[in-house]
Amino acid sequence: VDVFQAWCGPCKPVVNLFQKIKNEVGSNLLHFAVAEVDSIDALEKYRGQCEPVFLFYTGGELVAVVRGADAPLLQKTILKQL
């Protein structure tokens, strides 16, 4: 989940990375979503930050968090969680 604030917007360059990995591993294994922190109370702790935050869930449980648009770290985290 790409967690963003309305004034900053989702991290568009990372969408391409997720799409590339999704194509490589299969569409059933990886799902990408965006969530605006200002409209979701459960994400309140991520408000007021000017860096993107990526939350990784498996089976409904939060399993990893990556702060910042670090493409190599995001790719490593995705592949590890898969």
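The values are calculated or read from the model by the stated rules, or taken from the named source; none is laboratory data. What you see is a predicted model, and the numbers here were worked out from it, not measured in a lab. Positions of Cβ are backbone-derived with ideal geometry, glycine not excepted, and every protein chain shown enters the neighbour counts. Heavy atoms of the whole protein, side chains included, go into the accessibility calculation; ligands, DNA and RNA do not. Shrake-Rupley method; radii C 1.70, N 1.55, O 1.52, S 1.80 Å.
Helix 12-25 sits at what angle to the longest principal axis of the chain, using alpha carbons and giving 0 to 90 degrees rounded to 10?
On a 0 to 90 degree scale, this one is about 30.
Just the accessible area per residue of the chain, please: how many Å² with a 1.4 Å probe?
Values: 5220 Å² over 82 residues.
So the chain comes to 64 Å² accessible per residue, rounded to a whole number.
Could you list which residues have their amide H under 5 Å from that of residue 57, counting only those 5 or more apart in sequence or on another chain, with H placed in the peptide plane?
Answer set, sorted by chain and number: 63.
For the stretch 53-62, take each phi angle, set θ = phi - 60°, evaluate the Karplus expression 6.51 cos²θ - 1.76 cosθ + 1.60, and give the result in whole Hz per residue in order, putting x for glycine and proline.
Listing the rounded values in order: 10, 10, 9, 10, 10, 10, x, x, 9, 5 Hz.
Quick one: putting +1 on the C-beta of Lys and Arg, -1 on the C-beta of Asp and Glu, what dipole do you get for the stretch 1-79 around its Cα centre, in Debye to the nearest 20? It would help to have the intermediate numbers written out before the result.
Numbers: 7 positive and 9 negative charges, 54 e Å.
Approximately 260 debye in magnitude.
Angle check, please: helix 71-81 long axis (alpha carbons) against the longest principal axis of the chain (alpha carbons), in degrees 0 to 90, nearest 10.
Roughly 70 degrees between the two axes.
Please report the antiparallel percentage of DSSP beta bridges with both residues in the stretch 1-79, rounded to the nearest 5.
Details: 8 of 11 bridges.
Percentage antiparallel, nearest 5: 75.
How big is the equivalent ellipsoid of the stretch 1-75 along its three axes, where each semi-axis is √(5λ) from the Cα gyration tensor, reported in whole Å from largest to smallest?
Values: eigenvalues 87, 41, 23 Å².
In descending order the semi-axes read 21, 14, 11 Å.
Given the -39500 (n - 2.57) contribution per DSSP H run of 4+ residues, what per-residue ellipticity at 222 nm results for the chain, rounded to the nearest 500 deg cm²/dmol? Let's see the in-between values first.
Working: 2 runs with 25 residues, N = 82.
For the chain, the value works out to -9500 deg cm²/dmol.
If you average the sequence gap of Cα pairs under 8 Å that are 6 or more apart and divide by the length of the chain, what percent do you get for the contact order? Please list the in-between numbers first.
Details: 98 pairs, mean separation 26.7, N = 82.
Normalised by residue count, the contact order of the chain is 33 percent.
Please report, as a whole percent, how much of the solvent-accessible surface of the chain comes from carbon and sulfur atoms (probe radius 1.4 Å).
Values: 2800 of 5220 Å².
On the chain, the fraction of accessible area on carbon and sulfur atoms equals 54 percent.
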